[in-house]
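Working notes, structure below.
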Amino acid sequence: MESLIAYAPRSAGVNAMQVAMPRPWASNDGVKTRVEDKQGFDALRFFDAAGVSRRVSKYERKEIIFTQGDPATSILYVQEGSVKLTVVSEGGKEAVVAILGPGEFLGEGCLAGQPQRVNTASTITPATLVVIEKKEMIRVLHADRGLSDQFIKYLLSRHVRAEEDLVDQLFNHSEKRLARALLRLAHDGESGQTQKTTPEISQEVLAGMIGTTRPRVNLFLNKFRKLGFIDYSGRLGALEIHASLLSVVLQE
């Protein structure tokens with residue numbers, strides 16, 4: 001279901017910049033493998049202030065948003081829900097490359113000239129996405145310095161996260177990779193919390209994220225639960241994550 005939202009362009013101004021500044025990340029200085037907050041910023045405020053024409057699309061659980069190879073004509077912003085990005089090799093092997101939540105973008109490669117989608121996006125939970133056509137996003141990025149600055153910061157933070165994920169995949173064992181993935185999925189930006197809940201996500205998806213098998217994910221989850229690092233939530237596929245799970249990430 002889609003609804004169209006159109007605005008007349010106007011300057012975002014200082015006030016919009018102040019309310020839409022990104023939240024600080026929760027990082028561990030001096031630790032090679034860091035667990036950071038979502039790299040999103042409140043783009044909707046900028047969209048309103050800058051007069052961005054967009055449409056809102058709602059998706060059910062496990063619904064395809066776009067498929068690898070589709071024309072790349074728009075950028076999408078996750079307003080609610082969780083989205084999974086996967087790639088499939090020529091041999092048919094599938095890998096999970098990212099799990100995105102509220103405040104994050106997908107399909108931004110079209111702004112760099114990608115003619116086709118390089119991955120498949122599908123929902124993990126029911127989701128609401130804001131869709132902005134490529135030409136409109138380019139227009140507003142050129143016209144609004146505030147949105148442009150924040151969007152660049154967002155893209156750079158995604159790049160840093162991708163580098164850290166690659167290092168994690170190359171040098172850390174699967175148990176530590178799983179702990180790091182769970183902490184990242186559960187992080188909601190509220191400091192001081194000792195317990196947080198992940199999105200509803202299957203063990204198969206977790207296995208695809210960290211490059212291992214579902215039985216090994218199940219083994220590690222049971223171990224984490226016995227050690228008191230996690231609990232099973234009342235929602236199917238969701239986990240309650242305790243701050244003590246960070247000890248797995250920090251261990252040498």
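Throughout, read-outs are computed from the coordinates displayed, never taken from laboratory work. What you see is a predicted model; the values in this text were computed from it and never measured. With ideal geometry, Cβ positions are generated from the backbone for all residues, glycine too; neighbour counts draw on all protein chains shown.
Here are the numbers for this structure:
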quantity	calculated
Quotient of C-alpha Rg and 2.2 N^0.38 Å, computed over the stretch 93-248	1.17
Spread of Cα-to-Cα distances over 5 Å intervals beginning at zero, given as percent, for the stretch 96-154	4, 14, 24, 27, 19, 10, 3, 0
Relative contact order (percent, whole number), the stretch 61-210, Cα cutoff 8 Å, 6+ residue spacing	26
Set of lysines near K223 by C-alpha distance (under 27 Å), chain-local residues within fewer than 8 positions excluded	K32, K38, K84, K176, K196
Where trypsin sites (Lys or Arg not before Pro) fall in DSSP loop in the stretch 75-161, at most 13 other Cβ within 10 Å	K93
